[in-house]
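Laboratory data are not the source of any read-out in this text; all were calculated from the coordinates shown. Just so we're clear, the structure is a prediction, and the values are computed from it rather than from any experiment. For neighbour counting, all protein chains shown are included, and Cβ atoms are generated from backbone atoms with ideal geometry for every residue, glycine included.
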There are 2 protein chains.
Amino acid sequence: MRMNEGVEWAAHACTVLAPFWPRHGLSLAALAELHGVPAPYMAKQMQRLSAAGLVRTSRGRTGGYALSRAPSEISLWQIARAVDGVMPMFRCTEIRQRGPCGTPRENCTRPCGIAASFAAAEAAYRKALEEVSVADMLEQAMANAGSRDATAVAEWFKSKVTEVPGE
Amino acid sequence: MRMNEGVEWAAHACTVLAPFWPRHGLSLAALAELHGVPAPYMAKQMQRLSAAGLVRTSRGRTGGYALSRAPSEISLWQIARAVDGVMPMFRCTEIRQRGPCGTPRENCTRPCGIAASFAAAEAAYRKALEEVSVADMLEQAMANAGSRDATAVAEWFKSKVTEVPGE
């Protein structure tokens with residue numbers, strides 16, 4: 001199984017928006033340019049984040065997207081779920097009840113052991129992603145970026161940042 | 001993201017084959033009947049398990065499938081990977097290197113923090129599934145089945161079980 005590729009774009013977009021929270025953000029055009037991706041594709045991910053309440057948007061010529069909560073209060077799990085949507089990964093169809101040796105439905109009071117094992121694994125996966133916040137992602141990105149020209153990056157952002165009024 | 005639905009059939013098939021290891025197994029027709037699924041669909045999952053070395057097969061009129069290792073030595077992770085195949089779930093495309101503020105490639109000596117977070121979550125998921133063996137699955141299935149008519153089930157299996165010579 002493969003996660004929707006938009007999750008990667010959405011996670012990077014949230015990370016990039018983090019320093020501008022709470023009052024400012026970036027336009028769709030700036031987010032698309034920053035990530036080197038067509039604006040309609042970027043828009044799709046931002047709309048999913050917006051529908052999940054993770055970003056807010058303002059319309060018009062100077063409109064843009066901003067995080068709707070503090071970077072420390074948005075998790076990678078929330079981003080993944082907002083964009084990928086299809087969870088849980090494993091869906092039990094009660095195979096144990098089928099066929100000539102099936103367990104009678106009335107005996108199936110507990111979840112099938114196979115389904116329970118997948119649910120436990122998915123819970124561990126979810127917990128790991130819940131423990132990573134956008135603030136953590138920003139910190140990691142800054143640490144990993146190393147010695148690139150911070151001034152040029154700051155100038156680019158300065159020219160693009162836009163105010164996004166709260167709701 | 002959704003796991004390939006064949007994983008559920010494959011996990012149940014391995015569980016059902018467990019009591020007959022090491023010398024015996026069930027024909028494809030019996031496995032399909034047992035699970036109430038068309039034989040070609042069952043065959044597809046069994047072929048994936050066979051390609052992964054988890055089951056062995058014998059040909060001919062009395063041919064069938066048997067586990068190729070002890071039930072305690074086959075994990076739910078191995079079954080899921082054999083049938084679903086597409087792992088890892090998250091694939092990093094190095095977005096951080098793109099666009100006007102991209103991190104220069106030579107600075108990307110460590111994995112992107114976002115990719116590293118997904119990798120850690122997937123490792124937790126994998127570990128949870130590695131800790132569940134087919135022997136565990138059989139034990140859970142027996143415990144959950146409760147008071148169904150064990151004699152009828154035993155009779156059905158007795159009529160279907162077939163010897164599957166080792167490789």
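Any idea what the B:Q97 label distances to the other copies are, label 7 Å down the Cα→Cβ vector, nm, shortest first?
Copy-to-copy label distances at B:Q97, shortest first: 5.1 nm.
Dipole of chain B (Lys/Arg Cβ +1, Asp/Glu Cβ -1, origin at the Cα centre): which of B:A123, B:P19, B:G99 lies farthest to the positive side?
Looking along the dipole axis, the top candidate is B:G99.
Under a point-charge model restricted to the Cβ atoms of Lys and Arg (+1) and Asp and Glu (-1), what is the dipole moment magnitude of the stretch B:20-81 relative to its Cα centre, in debye to the nearest 20?
Here the size comes out at about 200 debye.
Which distances in nm, rounded to one decimal and ordered from shortest, link the label point of A:A70 to the equivalent label points in the other identical copies, with labels set 7 Å from Cα toward Cβ?
Copy-to-copy label distances at A:A70, shortest first: 5.3 nm.
Hey, if you drop one equal point scatterer on each alpha-carbon of the protein assembly as shown and run the Debye formula without solvent, what base-10 log of I(q)/I(0) do you get at q = 0.13, 0.14, 0.15 Å⁻¹?
-0.90, -0.98, -1.07
In nm, what does the list of distances from B:E163 to its counterparts in the other copies look like, shortest first, when each label sits 7 Å along Cα to Cβ?
Label-point distances to the other copies, shortest first: 8.6 nm.
With every atom except the alpha carbons ignored, what do you get for Rg and Dmax of the stretch A:1-103, in angstroms?
18.0, 66
Using the Cα centre of chain B as the reference point, and only Cβ charges (+1 on K/R, -1 on D/E), how large is the resulting charge dipole? Debye, rounded to the nearest 20.
The dipole magnitude comes to about 540 debye.
Could you tell me the relative contact order of the stretch A:5-163? Use alpha-carbon pairs under 8 Å, at least six residues apart, and round to a whole percent.
Result for the stretch A:5-163 is 32 percent.
Which residue, A:S58, A:S117, A:S27, has the most motion in a Gaussian network model of chain A that connects Cα atoms within less than 10 Å?
So, out of A:S58, A:S117, A:S27, the one fluctuating most is A:S117.
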